[in-house]
Amino acid sequence: MKETYGRKFRKLRKATKISSSKAAEAVGISRSKLERWERGEAGLDIEKVFKLLEVIHVQKIDFFNNNISNYLKNITLEVSKAYESNDINYLKTQSKKLLSEVENDSFDKRTFLKAAIYCNAYYDLTGVDIFTDNYKKRLSMYFSKILSEDEVWYYDDVYFFGNTQNLISPRTIYSLSFSLVFYFKNNNDLEMKF
């Protein structure tokens, strides 16, 4: 069975010898609500999760890091290394290579989004935009689609949205961000619960 955030938190809480009563009281929730979340039977608002992590002295990045897919970790490592060393030649070469792969297989979403991240980093360092208007429309449509009734935002989607901001118009970013907040606020079953 896949470990939930609640189960993971419970292990850490017990390791720090903090009772469920004390943890729940510190963040203003009932002990039973905390214990249901720890068993994976209920969700918990992300702000409460952050406060609980403070109670047991665990950094957010350490708590959530293991839940990031290896695919995203690899992209982050590749792009960050090139970006931090200002290796614009590598970023440009990878961008063009990935965009060429997208041309050959236009249905490969992963390659398209990876290409967008490389193009975003290249654009940020050089001010040169090699991501075509058609690709920008496709990227915007991808994020807009997630807000439809058939799709939801997963961690990967938030990651890609956050790492392609230079390629999306400010108006589209505002519209998508506003829609996303409105969507989560008005769909109780889709609140950001962990």
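Using DSSP to define loop residues, name the GluC sites (Glu not before Pro) in region 71-178 whose beta-carbon has at most 11 other beta-carbon atoms within 10 Å.
Hits after loop and neighbour filter: Glu149.
Quickly work out the Phe178-to-Lys17 label distance, labels modelled 7 Å from Cα along the C-beta direction, and quote it in nm with one decimal.
So the label points at Lys17 and Phe178 sit 5.3 nm apart.
Could you give the angle, 0 to 90 degrees to the nearest 10, between helix 109-126's Cα long axis and the longest principal axis of the Cα atoms of the chain?
Once rounded, the angle reads 70 degrees.
Roughly how tilted is helix 170-186, in degrees to the nearest 10 and between 0 and 90, from the longest Cα axis of the chain?
Helix 170-186 and the main axis of the chain meet at about 30 degrees.
Can you give the FRET efficiency for Phe107 and Asp62, using 1/(1 + (r/R0)^6), R0 = 45 Å, r = Cβ-Cβ distance, to the nearest 0.05?
With a Förster radius of 45 Å, E is 0.80.
Would you please name the trypsin sites (Lys or Arg not before Pro) within region 22-111 that are DSSP coil residues with at most 15 other C-beta atoms within 10 Å of their C-beta?
On the way: sites: Lys22, Arg31, Lys33, Arg36, Arg39, Lys48, Lys51, Lys60, Lys73, Lys81, Lys92, Lys96, Lys97, Lys109, Arg110; in loops: Arg39.
Loop-located and lightly packed - Arg39.
How would you classify region 50-118 from its alpha-carbon gyration tensor, with a ≥ b ≥ c the square roots of the eigenvalues: rounded for a/c under 1.5, else prolate if a/b is greater than b/c, otherwise oblate?
In terms of gyration-tensor shape, oblate.
Against the longest alpha carbon principal axis of the chain, how many degrees, from 0 to 90 and to the nearest 10, is the axis of helix 46-55 turned?
60 degrees
Fully extended, how many nm does the chain gain between Val158 and Ser69 (0.36 nm per residue separation, minus their Cα-Cα distance)?
30.7 nm
Read-outs throughout are calculated quantities, based only on the coordinates presented, and are distinct from any laboratory measurement. In this text, all values refer to a predicted model and were calculated from it rather than measured experimentally. Every residue, glycine among them, receives a Cβ derived from its backbone with ideal geometry; neighbour counts consider all protein chains shown.
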